[in-house]
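Some notes on the structure that comes next.
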Amino acid sequence: MALKLTSRAFSDGSAIPSVYTCEGMDISPPLQWTGAPPGTESFVLIIDDPDAPDPRAPKMTWVHWVLCNLPASSTGLEEAATDLPAGAIAGLNDWKRTSYGGPCPPVGRHRYVHKLYALDTMLAGLTHPTKAELERAMQGHVLAEARLIGTYEKSG
């Protein structure tokens, strides 16, 4: 069974409900995962937007949420997750916050890529890593990866 990432709030490729965005409550969506490969010691979750600032001329990938050392026993995160499982570490997003930051695209419909990685280790020596620091620390430890893509365009 392959690693799979889903949400009961939206399906892969569909629109993210506004409650999870800057136009709503800006809370994290519920996420569930299954199919962790044998040897999984922890999970990493990264949510980013490769379409920033404009999907017609993207210039950067904007990081919305970075989590690492989610325990191997975990199978998801509830809606509005603020109390992380014991041992989990929240990294810095591009707002320089350690919390979830929802979709808030300045123009157009953007893709929000939710990436879950199963690792063969718990990552040591990290306090509030950036996405780049986390990706370096993960090298050589990724057993499997799952993706869930949601889209969002501001209403006004």
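Some observations on this one:
- Residue count for the stretch 73-92, restricted to those that are in a loop (DSSP other than H, G, I, E, B), touching a Leu at 6+ places or on another chain (Cβ under 9 Å) and of a type in the set (A, V, I, L, M): 3
- Restricting the stretch 32-52 to residues that are assigned to a strand (DSSP E or B) and either of a type in the set (Gly, Ala, Ser) or over 15 Å from the mean Cα position of the chain (by Cα) (or both), the residue that is farthest from residue 6 (Cα to Cα) is 52.
- Pair list, Cβ < 7 Å and 6+ apart or interchain, from the stretch 121-135 residues that are closer than 13 Å to residue 93 by Cα to residues that are of a type in the set (D, E, K, R) and open to solvent by less than 80 Å² (accessible area, probe 1.4 Å): 131/48
- Among residues of the stretch 1-13 that are modelled with pLDDT under 95, those with a Cβ under 6 angstrom from a residue that is surrounded by 11 or more Cβ atoms within 10 Å (Cβ to Cβ) and part of a loop (DSSP other than H, G, I, E, B), sequence gap 6+ or separate chain, pair up as 1/35.
- Against the numbered list (1) more than 20 Å from residue 5 (Cα to Cα); (2) in contact with an Asp or Glu (Cβ under 7 Å, 6 or more places away or on another chain); (3) part of a loop (DSSP other than H, G, I, E, B), residue 62 comes up short only at (3).
- Taking the criterion of being among the charged types (D, E, K, R) and part of a loop (DSSP other than H, G, I, E, B), the residues of the stretch 93-151 that qualify are 94, 96, 97, 109, 120.
- Of all residues in the stretch 74-131 being more than 13 Å from the chain's Cα centre (by Cα) and basic (Lys, Arg), the one that is most open to solvent (accessible area, probe 1.4 Å): 96
- Scope the stretch 85-139; condition at pLDDT 95 or above and among the hydroxyl-bearing types (Ser, Thr, Tyr); matching residues: 98, 99, 100, 112, 117, 121, 130
- The single condition among (1) touching a residue at least 40 places away in the same chain (Cβ under 8 Å); (2) open to solvent by 40 Å² or more (accessible area, probe 1.4 Å); (3) over 18 Å from residue 113 (Cα atoms) that residue 32 does not satisfy is (3).
- Test for residue 74: is it in contact with a strand residue (DSSP E or B) (Cβ under 9 Å, 6 or more places away or on another chain), touching a residue at least 12 places away in the same chain (Cβ under 8 Å), farther than 23 Å from residue 141 by Cβ and among the polar types (S, T, N, Q): no
- Residue within the stretch 56-73 that is open to solvent by 60 Å² or more (accessible area, probe 1.4 Å) and in contact with a Gly (Cβ under 6 Å, 6 or more places away or on another chain) present: no
The values are calculated or read from the model by the stated rules, or taken from the named source; none is laboratory data. The structure displayed is predicted, hence computed values, not measured ones. As a convention, Cβ positions derive from the backbone with ideal geometry for all residues, glycine included, and neighbour counts pool all protein chains shown. These area figures cover heavy atoms from the full protein model, side chains too; ligands, DNA and RNA do not enter into them. Shrake-Rupley method; radii C 1.70, N 1.55, O 1.52, S 1.80 Å.
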